[in-house]
Amino acid sequence: MNPETHERARRLIDARDVEGIDDHERMWLEAHLAECTACQVRARANERALQVLRSNSVTVAPLLVSATQARVRQRARELRENQVRMRALWISCAFSWVLGVASAPLVWRVFQWIGLHAALPRMIWETAFALWWLVPAGAVAAVIAWNQRRVESLDDYGPLHR
Ligand SMILES: [Zn+2]
């Protein structure tokens with residue numbers, strides 16, 4: 001048989017399985033396949049390959065898609081929760097700062113009074129006043145730093161990167 005005949009048959013097999021062929025081509029191909037074993041083998045291999053492709057795209061892809069969507073949603077939720085926590089932290093920071101500034105003159109007088117009545121050196125009660133300011137601010141800074149590190153470690157080992 002003419003090699004161009006098999007070539008035509010193979011082109012039609014590929015076309016039939018993918019975009020379809022017209023009746024005239026189909027009849028010609030069926031007649032050829034009836035008498036050519038090599039092209040029959042080729043046609044069956046094509047069908048199997050397409051079946052594998054189709055079954056994969058039906059069973060694996062939706063699982064993969066839903067798993068990926070779930071991970072993306074989970075990550076978005078984590079980011080949102082973290083944003084809310086950070087906002088609350090900043091609001092309480094601002095609030096405590098305003099409160100601190102407002103109460104500073106009073107606190108200063110209290111420390112001064114204690115210093116005078118306990119006959120403490122000025123440096124001691126001034127240092128105590130400074131610590132009164134520094135310790136809460138330091139605690140807040142530590143909480144913010146801890147939270148920031150936690151967020152960064154979520155980025156490194158978060159569900160999206162598992
Ligand atoms: Zn053939």
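Readers should treat all values here as calculations from the given coordinates under stated rules, not as data from a laboratory. Here the structure is a predicted model, which is why all the values come from computation and not from measurement. Virtual Cβ from ideal backbone geometry, glycine too; neighbours counted across all protein chains shown.
Below, the figures for the structure above:
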read-out: With Cα atoms, 0 to 90° folded angle of helix 3-18 axis to the chain main axis; value: 40
read-out: Dipole-positive endmost among Val98, Met86, Asn147 within the chain (Cβ charges, Cα centre); value: Val98
read-out: Dipole magnitude of the chain, debye to nearest 20 (Cβ charges: Lys/Arg +1, Asp/Glu -1, about Cα centre); value: 1080
read-out: Gyration tensor (Cα) of segment 71-162, equivalent ellipsoid semi-axes in angstrom; value: 43, 14, 5
read-out: Helical mean residue ellipticity (222 nm; -39500 (n - 2.57) per DSSP H run of 4+; nearest 500) of the chain; value: -33000 deg cm²/dmol
read-out: Within segment 61-94, backbone nitrogen closer than 13 Å to the virtual label 7 Å beyond the Cα of Val140 toward Cβ; value: 87-94
read-out: Kirkwood Rh and Cα Rg combined as Rg over Rh, evaluated for the chain; value: 1.62
read-out: Top positive-direction residue, dipole computed over the chain with Cβ charges, set Ala15, Phe129, Ser66; value: Phe129
read-out: Relative contact order %, the chain, counting alpha carbon pairs below 8 Å whose residues are six or more apart; value: 19
